[in-house]
1. Identify all residues within the range 108-130 that are within 15 Å of Leu49 (Cβ to Cβ) and either of a type in the set (S, T, N, Q) or not in a helix (DSSP H, G or I) (or both); write none if there are none.
2. Just checking, which of Val70, Val90 is in contact with a strand residue (DSSP E or B) (Cβ under 8 Å, 6 or more places away or on another chain) and in contact (Cβ under 8 Å) with a residue 12 or more places away in the chain?
3. Of the residues Val60, Val39, which is buried (at least 21 other Cβ atoms within 10 Å of the Cβ) and closer than 30 Å to Val301 by Cβ?
4. Answer yes or no: is there a residue in the range 131-141 that is of a type in the set (Lys, Arg), at pLDDT 95 or above, surrounded by fewer than 24 Cβ atoms within 10 Å (Cβ to Cβ) and assigned to a helix (DSSP H, G or I).
5. Given (1) within 30 Å of Pro12 (Cα to Cα); (2) assigned to a loop (DSSP other than H, G, I, E, B); (3) out of contact with any Lys or Arg (no Cβ under 8 Å at 6 or more places or on another chain), identify the lone condition not met by Leu57.
6. For residues that are modelled with pLDDT under 95, over 16 Å from Phe316 (Cβ atoms) and hydrophobic (A, V, I, L, M, F, W, C), tally how many sit in the range 142-177.
7. Answer yes if at least one residue in the range 180-195 is over 23 Å from Tyr25 (Cα atoms), in contact with a Pro (Cβ under 9 Å, 6 or more places away or on another chain) and in contact (Cβ under 8 Å) with a residue 40 or more places away in the chain, and no otherwise.
Amino acid sequence: MPESSFFARSVPFEQIDKLAISGGYSSIYATREPAVPVVGNWEQRFCRLADTFQPVLDRVHDFEVREDDVWIVTLPKCGTTWMQELTWLVLNRCDFETAKSVDLTIRSPFLEFNGVVPNVPHDTIEAANALSSPRLIKSHLPAWLLPRQIWTKKPKIIYVYRNPKDAAISYFHHWRGMVGYQGTKDDFMHSFIDGYVNFTPCWPHVLDFWQLRHEPHIYFTSYERMKTQLGQVIEDVARFLERPVSVEQVQQMKKHLSFESMRDNPACNHAKEFESMKAAAGREVEEFSVAPHRFVRRGVVGSHKDEMTADVIREFDLWSDVNLRDYKLHMDDFATYSKYNEQAITKTLL
């Protein structure tokens with residue numbers, strides 16, 4: 001039997017009991033040096049995941065990658081769905097009819113979703129295997145837990161960053177709906193900072209892709225830039241994928257990708273996904289269809305300012321500074337970066 005690509009160290013229950021996680025929770029480590037360079041010592045790098053992920057991690061790591069794949073990789077609640085829909089339209093010549101009638105989770109599978117909810121009836125890894133090329137695949141895993149063939153076949157990867165304060169607030173509301181979290185907002189914010197929610201710690205996840213941003217098969221952008229320069233991001237993605245779009249198509253896409261359209265489009269607002277999750281969990285579905293628990297909730301840049309206390313904001317800022325100071329980086333560097341802006345100030349990570 002082949003050696004596993006990872007090993008797990010259980011997280012003490014008292015560190016996660018407030019997160020309402022059923023079952024165990026672990027820190028996942030690589031068993032061998034990853035195929036992609038990572039920030040820091042790879043032997044000390046970990047990703048925190050519920051134990052339900054463990055049966056799928058080796059399957060993900062051994063997943064057969066195709067050179068013409070396109071991958072969307074983000075931390076949760078960082079504009080993943082938004083970028084999936086944008087990218088799918090670019091890849092499929094702005095087929096708005098299909099984009100409105102076929103669920104995005106079918107058009108672009110969430111590869112490790114069976115780790116999120118293990119008893120849903122469909123297997124997302126098999127679904128991704130069965131897709132015709134070019135495939136558009138979503139993952140929240142850090143670079144070193146992605147399929148190893150990604151780093152040899154080098155398919156296109158789009159990475160979307162979001163200010164962690166806004167991402168954490170959105171994740172809090174998502175966790176309440178998805179997991180049934182009943183704890184305080186401040187407790188959840190501290191769990192996010194300490195890396196005790198799925199797919200964290202945050203900054204190593206971001207920094208791994210930041211150091212790869214100049215690679216020709218990597219496109220690094222931000223939620224903030226999508227909010228302020230959506231048309232330019234559409235053009236950038238089209239350039240990155242070598243799929244030209246017309247001025248008229250850009251305008252049509254901007255309308256389709258508006259917050260209101262995304263929120264009200266059942267093919268990409270994750271209503272069906274949450275129905276299956278709730279059915280698997282034996283819980284009611286209605287709370288996911290209304291604010292504040294709906295998947296596409298507010299979409300506001302700076303939303304943390306009216307949902308976080310001043311003390312928690314200071315904690316987030318100090319945490320970010322501690323993680324970024326050695327690289328002479330600031331959060332604004334990620335939010336404003338443009339791969340194709342020749343005047344952009346670039347910085348060396350390592």
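The values are calculated or read from the model by the stated rules, or taken from the named source; none is laboratory data. Keep in mind that this is a model prediction, so the values were computed, not measured. In this analysis, Cβ positions are derived from the backbone assuming ideal geometry, glycine residues included, and neighbour counts consider all displayed protein chains.
1. Phe110, Leu111, Glu112, Asn114, Val117, Pro118
2. Just a single option satisfies the conditions, and that option is Val70.
3. Just one listed residue meets the conditions, Val39.
4. no
5. Single failed check for Leu57: (2).
6. Summing the residues that are modelled with pLDDT under 95, over 16 Å from Phe316 (Cβ atoms) and hydrophobic (A, V, I, L, M, F, W, C) in the range 142-177 gives 1.
7. Within the range 180-195, none of the residues are over 23 Å from Tyr25 (Cα atoms), in contact with a Pro (Cβ under 9 Å, 6 or more places away or on another chain) and in contact (Cβ under 8 Å) with a residue 40 or more places away in the chain.
Listed here are the residues, each with its yes/no results for (1) in contact with a strand residue (DSSP E or B) (Cβ under 6 Å, 6 or more places away or on another chain); (2) closer than 18 Å to Gln15 by Cα; (3) modelled with pLDDT of 95 or more.
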site: Val179; (1), (2), (3): no, yes, no
site: Gly183; (1), (2), (3): no, yes, no
site: Phe188; (1), (2), (3): no, yes, no
site: Ile193; (1), (2), (3): no, yes, yes
site: Ile218; (1), (2), (3): yes, no, yes
site: Arg239; (1), (2), (3): no, no, yes
site: Val247; (1), (2), (3): no, no, yes
